[in-house]
């Protein structure tokens, strides 16, 4: 009976799951602070987190300003995964739908629930300007005074800076990898040279001299 009740509860949570796609994303998330799991059905870690995540979805179902949801990166949600730069599964992001941040906390139900309770609340957006500090209010006012063309150009410029930072990171990592391989080869060559120069024989002779002399038989 207990197993049946648990199964029904799990099925209820699963049926409540909201799966976001490009077609419904902005309609469903409008005016809400969100917590989203980007996943692939074949992913083992995604399967492991699913029961707790579905339970979390059910906890916030029907909220007017909070949402916990899914995006399937192998199906209709794939364009969203590309838009948000998803590179591994599952990836959890949260915050304003137009400015999602990475979640790097624990993945137990207790950890997820605590984070959601503490952070899924109204934030500074163009619809909640009263929650913004003076600096962000000034930015919103500045952007609202710009044309669509100017805003697009500004967004492209800032995204270009992000891509440049990512490219620089990748190039520096490649340099470090090349340096590591060089140092590793130099180490291996040095060790091989030392061994080839007679280290084994040296240690063999050393052991023979250190060994106690055999006792004369009576």
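The values are calculated or read from the model by the stated rules, or taken from the named source; none is laboratory data. Worth saying up front: this structure is predicted, and the values here are computed from it rather than measured. Note that each Cβ is placed from the backbone with ideal geometry, even for glycine, and that neighbours are counted across all protein chains shown.
Considering each residue of the stretch 70-102, count those that are surrounded by 16 or more Cβ atoms within 10 Å (Cβ to Cβ) and either on the phi > 0 side of the Ramachandran plot or touching a helix residue (DSSP H, G or I) at 6+ places or on another chain (Cβ under 7 Å) (or both), and give that number.
Summing the residues that are surrounded by 16 or more Cβ atoms within 10 Å (Cβ to Cβ) and either on the phi > 0 side of the Ramachandran plot or touching a helix residue (DSSP H, G or I) at 6+ places or on another chain (Cβ under 7 Å) (or both) in the stretch 70-102 gives 8.
Looking at (1) surrounded by fewer than 16 Cβ atoms within 10 Å (Cβ to Cβ); (2) under 17 Å from residue 112 (Cα atoms); (3) modelled with pLDDT under 90, can you tell me which one residue 17 breaks?
The number of the failed condition is (1).
Based on this model, can you work out whether residue 178 counts as more than 27 Å from residue 83 (Cβ to Cβ), within 35 Å of the chain's Cα centre (by Cα), at pLDDT 90 or above and surrounded by 10 or more Cβ atoms within 10 Å (Cβ to Cβ)? Outline the logic, then answer.
Details: more than 27 Å from residue 83 (Cβ to Cβ): yes; within 35 Å of the chain's Cα centre (by Cα): yes; at pLDDT 90 or above: yes; surrounded by 10 or more Cβ atoms within 10 Å (Cβ to Cβ): yes.
So residue 178 passes the test.
Being assigned to a helix (DSSP H, G or I), closer than 17 Å to residue 113 by Cα and either touching a strand residue (DSSP E or B) at 6+ places or on another chain (Cβ under 8 Å) or modelled with pLDDT of 90 or more (or both) is the requirement here; does residue 52 meet it? Before you say what the answer is, go through the steps one by one.
On the way: assigned to a helix (DSSP H, G or I): yes; closer than 17 Å to residue 113 by Cα: yes; either touching a strand residue (DSSP E or B) at 6+ places or on another chain (Cβ under 8 Å) or modelled with pLDDT of 90 or more (or both): yes.
Answer is yes for this residue.
Please state which one of 106, 62, 44 is more than 17 Å from the chain's Cα centre (by Cα) and exposed (fewer than 13 other Cβ atoms within 10 Å of the Cβ).
Working: 106 fails: more than 17 Å from the chain's Cα centre (by Cα); 44 fails: more than 17 Å from the chain's Cα centre (by Cα).
Result of the check over 106, 62, 44: 62.
Within the stretch 126-141, track down each residue that is assigned to a loop (DSSP other than H, G, I, E, B) and out of contact with any helix residue (DSSP H, G or I) (no Cβ under 8 Å at 6 or more places or on another chain).
Of all residues in the stretch 126-141, those assigned to a loop (DSSP other than H, G, I, E, B) come to 126-128, 132-133.
Scanning the stretch 126-141 gives 127, 128, 133.
Listed residues 112, 120; which is closer than 30 Å to residue 70 by Cβ, touching a residue at least 12 places away in the same chain (Cβ under 8 Å) and touching a strand residue (DSSP E or B) at 6+ places or on another chain (Cβ under 6 Å)?
Values: 112 fails: touching a strand residue (DSSP E or B) at 6+ places or on another chain (Cβ under 6 Å).
It is 120.
Residue 207 versus (1) at negative phi; (2) surrounded by 10 or more Cβ atoms within 10 Å (Cβ to Cβ): which is the lone unmet condition?
(2)
Look at the stretch 47-59 and say how many of its residues are surrounded by fewer than 18 Cβ atoms within 10 Å (Cβ to Cβ) and within 19 Å of the chain's Cα centre (by Cα).
3
Among the residues that make up the stretch 126-149, is at least one of them surrounded by 10 or more Cβ atoms within 10 Å (Cβ to Cβ) and touching a residue at least 60 places away in the same chain (Cβ under 8 Å)?
Yes, the stretch 126-149 has at least one match.
Being within 17 Å of residue 26 (Cβ to Cβ), in a loop (DSSP other than H, G, I, E, B) and touching a strand residue (DSSP E or B) at 6+ places or on another chain (Cβ under 9 Å) is the filter here, so list the residues in the stretch 60-83 that pass it.
If the condition is that a residue be within 17 Å of residue 26 (Cβ to Cβ), in a loop (DSSP other than H, G, I, E, B) and touching a strand residue (DSSP E or B) at 6+ places or on another chain (Cβ under 9 Å), then 65, 76, 77 are the ones that fit.
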